[in-house]
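Report on one structure; see the data block that follows.
The values are calculated or read from the model by the stated rules, or taken from the named source; none is laboratory data. Bear in mind that the values here come from a model prediction, so they are computed numbers and not experimental data. Reconstructed Cβ throughout: ideal geometry from the backbone, glycine too, with neighbour counts over all protein chains shown.
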């Protein structure tokens, strides 16, 4: 069974009696709180300042009914404090919080020191099974901080790699592109866009399957899996799909980029169109070359 210590929000914000009303209004708004204990310079709790009481005090001050803007000079508007022991049962907490004029309870430890505050919101959290909200919040913040730190390290590694490859992308005469582990195109250089008939940047965000011809989808997917697994460079012939639907035969060289810990970042691929006319010219030249490697098959028999 939950006790007061399990329900409370630890280390409640305390308003100093010397704080100005305007500063306290800003504090309430910034922290999203609706009430707070007020203490004097000796650490004595003078009462509870609610948001409605704060509004009244500020209006009286602005209307010149009360010339002083310090919280401690408006003590008559503070509400009485209700306390409860940190070991009190849930039923006692509910009973006391209903009886409290502010519906707030300050929690005291065995040395009579204030260690927390319980509000209706804390009870609502308990109803949903979220006891120790401040502890849960600290844990979540710690986890978030660790994840953020890890993410920033990964981003830093990626940026270092991408800066190098971006320069290479835009200066190379070859068609180049990069895809992530899901096959989404992260980058494609201008030559790739120009060759395939796309506007610059239009390929980014598409999948590699939109880049390759239908018959090459299987080999492309298997190649990506292999690059993610071991990162070894791969050489092959492939067929890519132009924006107008026509096909272009290319040779392709692919490898993978990895961070300092060896984790996969993306592929990096360079493609070069295989010009069919040039290919036929070269074959024709070989056939007609009397001293070439095919000469023995092409010489007229005597």
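Looking across the range 263-280, the residues that are at pLDDT below 85 and either surrounded by 11 or more Cβ atoms within 10 Å (Cβ to Cβ) or in a loop (DSSP other than H, G, I, E, B) (or both) come down to 272, 273, 274, 275, 279.
Could you say whether any residue in the range 25-37 is modelled with pLDDT under 90, farther than 18 Å from residue 13 by Cα and not in a strand (DSSP E or B)? No; the residues of the range 25-37 include none that is modelled with pLDDT under 90, farther than 18 Å from residue 13 by Cα and not in a strand (DSSP E or B). For first residues located in the range 91-119 and assigned to a helix (DSSP H, G or I), partners that are loosely packed, with under 14 Cβ neighbours inside 10 Å and lie 6+ apart or on another chain with Cβ distances below 8 Å form the pairs 97/120.
Only one entry in 153, 145, 221, 202 is over 15 Å from residue 268 (Cβ atoms), in a helix (DSSP H, G or I) and modelled with pLDDT of 85 or more, namely 221.
On the stretch given as the range 183-199, residues that are free of Cβ contacts under 8 Å to residues at least 12 places away in the same chain and either under 23 Å from residue 225 (Cα atoms) or assigned to a loop (DSSP other than H, G, I, E, B) (or both) total 1.
Of all residues being within 38 Å of the chain's Cα centre (by Cα) and crowded, with 18+ Cβ neighbours inside 10 Å in the range 34-48, which is nearest to residue 114 (Cα to Cα)? Just the residue, please. Here the residue is 37. Please tell me if residue 93 is modelled with pLDDT under 90 and touching a helix residue (DSSP H, G or I) at 6+ places or on another chain (Cβ under 6 Å). So residue 93 passes the test.
Once the range 4-18 is narrowed to residues that are surrounded by fewer than 18 Cβ atoms within 10 Å (Cβ to Cβ) and in contact with a helix residue (DSSP H, G or I) (Cβ under 7 Å, 6 or more places away or on another chain), the residue that is farthest from residue 104 (Cα to Cα) is 18. Scanning the range 219-242 for residues that are over 17 Å from residue 184 (Cα atoms) and in contact (Cβ under 8 Å) with a residue 24 or more places away in the chain gives 231, 237, 238, 239, 242. For the range 224-249, the set of residues classified as out of contact with any helix residue (DSSP H, G or I) (no Cβ under 9 Å at 6 or more places or on another chain) and in a strand (DSSP E or B) consists of 235, 237, 247, listed by residue number.
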